[in-house]
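See below for the structure under consideration.
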Amino acid sequence: MTVDPSLTQDEHVVLVLHPHWKTLIRPFAVAALVIVVALVAEVLIPPGSAAGLGRLAVGAVAILALMVWLMVPVLRWRTTTYELTTRRLRVRDGILTRRGRDIPLARLLGSGRLVVESAGEHGQIVLTDIPRVEFTQATLFRLVEEEQRRLERNERNQP
């Protein structure tokens with residue numbers, strides 16, 4: 001195990017996270033669209049002496065568009081980390097140059113934003129400035145688990 005020189009004495013990393021993978025849905029959708037448009041453009045170029053140059057230009061534009069709309073978001077996602085250590089919360093991001101913010105755990109207010117996502121049609125609810133957000137989140141998880149167990153018991157007891 002390598003020692004991280006940015007950690008203080010007796011500090012160690014507890015958790016390392018990246019942003020959720022769903023942040024990449026839009027870039028991958030745009031990339032698929034770019035590929036489809038490029039293929040259609042390649043097919044629609046009429047045969048002739050300039051067809052090869054036209055196809056090359058379409059391919060070059062498609063590759064450039066893929067680099068901008070796919071590779072940059074993927075690299076941004078991959079290089080963004082949220083680290084929780086025994087003493088602080090560290091946020092690091094940046095592709096070519098790294099930026100970072102550290103918040104000592106002793107200075108955290110215990111309030112924050114809680115995002116509740118639903119698989120149904122209602123989507124997402126964002127609760128901001130929730131006091132004791134960790135306790136609220138843990139209570140919500142416990143209540144959801146209890147409700148799921150209750151529903152499972154009811155399904156088993158149905159004839």
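Only the coordinates and a few stated rules stand behind these numbers; no lab work does. Given the structure is predicted, the values throughout are model-derived calculations rather than measurements. Ideal geometry is used to build each Cβ from the backbone, glycine not excepted, and the neighbour counts take in all protein chains shown.
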* Report, largest value first, the span of the C-alpha coordinates of segment 59-159 along each principal axis, in whole Å. => 63, 46, 22
* Structure fact -> For segment 11-108, shape from the Cα gyration tensor axes a ≥ b ≥ c, cut at a/c of 1.5 then a/b versus b/c, turns out prolate
* **Contour minus Cα-Cα distance for residue 149 and residue 35 (0.36 nm per residue)** => 36.5 nm
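At 0.36 nm per residue, minus the direct Cα-Cα distance, what do residue 89 and residue 66 gain on full extension? Give it in nm, one decimal, please. Don't skip to the end; give the middle numbers.
Numbers: separation 23, 0.36 × 23 = 8.28 nm, distance 3.37 nm.
Difference between extended and current length: 4.9 nm.
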* Asked: How long, wide and thick is segment 109-159, going by the Cα atoms along their three principal axes, in whole angstroms, largest first?
  -> 50, 24, 8
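Under a Cβ-Cβ cut-off of 13 Å, what is the net charge of the residues other than residue 142 that fall near it, where Lys and Arg count +1 and Asp and Glu count -1? List each step's numbers first, then the result.
On the way: positive: 149, 150; negative: 134, 145, 146, 147.
Overall, the nearby charge balance is -2.
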